[in-house]
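A.B. asks: Dumping the structure here so I can ask a few things about it.
The values are calculated or read from the model by the stated rules, or taken from the named source; none is laboratory data. Note that the coordinates shown come from a computational prediction; the quantities given were computed from them, not determined experimentally. When we count neighbours, we look across all protein chains shown, and the Cβ atoms used for this are built from the backbone with ideal geometry, even at glycine. Please note that ligands, DNA and RNA were not included when accessible areas were found on the heavy atoms of the full protein model with its side chains. Shrake-Rupley method; radii C 1.70, N 1.55, O 1.52, S 1.80 Å.
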Amino acid sequence: MGEPENGENVGLLVLEAKSLRPFRTKDEYLYAMKEDLAEWFTCLYKEISLDADNFLEVLETGVLLCQHANEVRKFGAEQKSQGKLDLQSNFVRDIQIPQYDVPFRKDIKPGTFLARDNISNFITWTSKMGIPEVLRFETDDLVLRKNERSVVLCLLEVARVGAKFGMLAPTIVQMEEEIDNEIQTGEPPPQIKTCDVKSLDQMVSLIFCFLY
């Protein structure tokens, strides 16, 4: 498992407004979100081969999920030890990242008991971290594809937590942060760290049409 890239090692790109690709169905929104998450994971862990089409297949052993959970814990601890966190912020005071490494088994086949156990361990970690039940998924949502959207929303919420500590986030999470910042401060958003230049219109459309 490679070390996650931090903001200093990822190139800064400006999202350029392009023609809006209309999303006609919820399935198209879901696919676009999987694209964004796949690009994000690939930026963090460059040795994996991940895209929207194989996204759930790669995740269904639970290995990458547990590895990422452990990287979030490690990154948060490093940021805190280096004095890079605002310990007085409401977010840092309220968030409870479990201080243990999520156990998991490597080199296992999808659909097996061990794979399900890995996924269950990740879900337990998200619960202990304080992610609301409505934003968590169940093992069969991933293994049997019962609710892909729940998997996507949970991973976005995990990414939001990491972003608060300074980890690279999916483009849509960064967009949400910049929109909130602009509303609160009136300041224009800074350049966004991303692996891919997306249409600004597309990302705003995803925020308001997929999530809400």
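A.B. asks: Return a yes/no flag: does the range 55-69 have any residue that is farther than 19 Å from S150 by Cβ and modelled with pLDDT of 95 or more. I'd like the intermediate steps shown before the answer.
C.D. replies: First pass over the range 55-69, keeping only residues farther than 19 Å from S150 by Cβ: 63, 67.
Now restrict to residues that are modelled with pLDDT of 95 or more: 63, 67.
Looking through the range 55-69, at least one residue is farther than 19 Å from S150 by Cβ and modelled with pLDDT of 95 or more.
A.B. asks: Further question: Among (1) within 24 Å of C43 (Cβ to Cβ); (2) modelled with pLDDT of 90 or more; (3) buried (at least 16 other Cβ atoms within 10 Å of the Cβ), there is one condition I108 misses while meeting the rest; what is its number?
C.D. replies: Result: I108 fails condition (1) only.
A.B. asks: Of all helices (runs of 4 or more DSSP H) completely enclosed by the range 111-183, which ones contain at least 2 residues that are within 16 Å of Q67 (Cβ to Cβ)? Talk me through it step by step, then tell me what you get.
C.D. replies: Values: elements: 113-128, 139-143, 148-164.
Fully inside the range 111-183 and qualifying: 113-128, 148-164.
A.B. asks: Can I ask one more? Just one of G166, G186 is on the phi > 0 side of the Ramachandran plot, small (G, A, S), modelled with pLDDT of 70 or more and in contact with a Lys or Arg (Cβ under 7 Å, 6 or more places away or on another chain); which is it?
C.D. replies: Working: G186 fails: in contact with a Lys or Arg (Cβ under 7 Å, 6 or more places away or on another chain).
Criteria check complete, one pass: G166.
A.B. asks: What residue, among those in the range 127-147 that are open to solvent by less than 50 Å² (accessible area, probe 1.4 Å) and touching a residue at least 40 places away in the same chain (Cβ under 8 Å), is nearest to L37 (Cα to Cα)?
C.D. replies: Looking only at the range 127-147, we keep the residues that are open to solvent by less than 50 Å² (accessible area, probe 1.4 Å), and these are 129, 131, 135, 137, 139-143.
Filter once more, so that each one left must be touching a residue at least 40 places away in the same chain (Cβ under 8 Å): 142-143.
Values: L142: 15, V143: 18 Å.
The extreme case among them is L142.
A.B. asks: Let me ask something else about it. Looking only at the range 33-87, how many residues end up being of a type in the set (S, T, N, Q), free of Cβ contacts under 8 Å to residues at least 40 places away in the same chain and either open to solvent by less than 30 Å² (accessible area, probe 1.4 Å) or assigned to a helix (DSSP H, G or I) (or both)? Don't jump to the end; show me each part of the working.
C.D. replies: Residues of the range 33-87 of a type in the set (S, T, N, Q): 42, 49, 54, 61, 67, 70, 79, 81-82.
Now drop any that are not free of Cβ contacts under 8 Å to residues at least 40 places away in the same chain, which leaves 49, 54, 70, 81-82.
Checking the rest, the ones that are also either open to solvent by less than 30 Å² (accessible area, probe 1.4 Å) or assigned to a helix (DSSP H, G or I) (or both) come to 70, 81.
Of the residues in that region, 2 qualify.
A.B. asks: Still on this model: Based on what the data block shows, is T42 over 16 Å from the mean Cα position of the chain (by Cα), under 28 Å from D27 (Cβ atoms) and modelled with pLDDT of 85 or more? Working first, answer last.
C.D. replies: Values: over 16 Å from the mean Cα position of the chain (by Cα): no; under 28 Å from D27 (Cβ atoms): yes; modelled with pLDDT of 85 or more: yes.
Answer is no for this residue.
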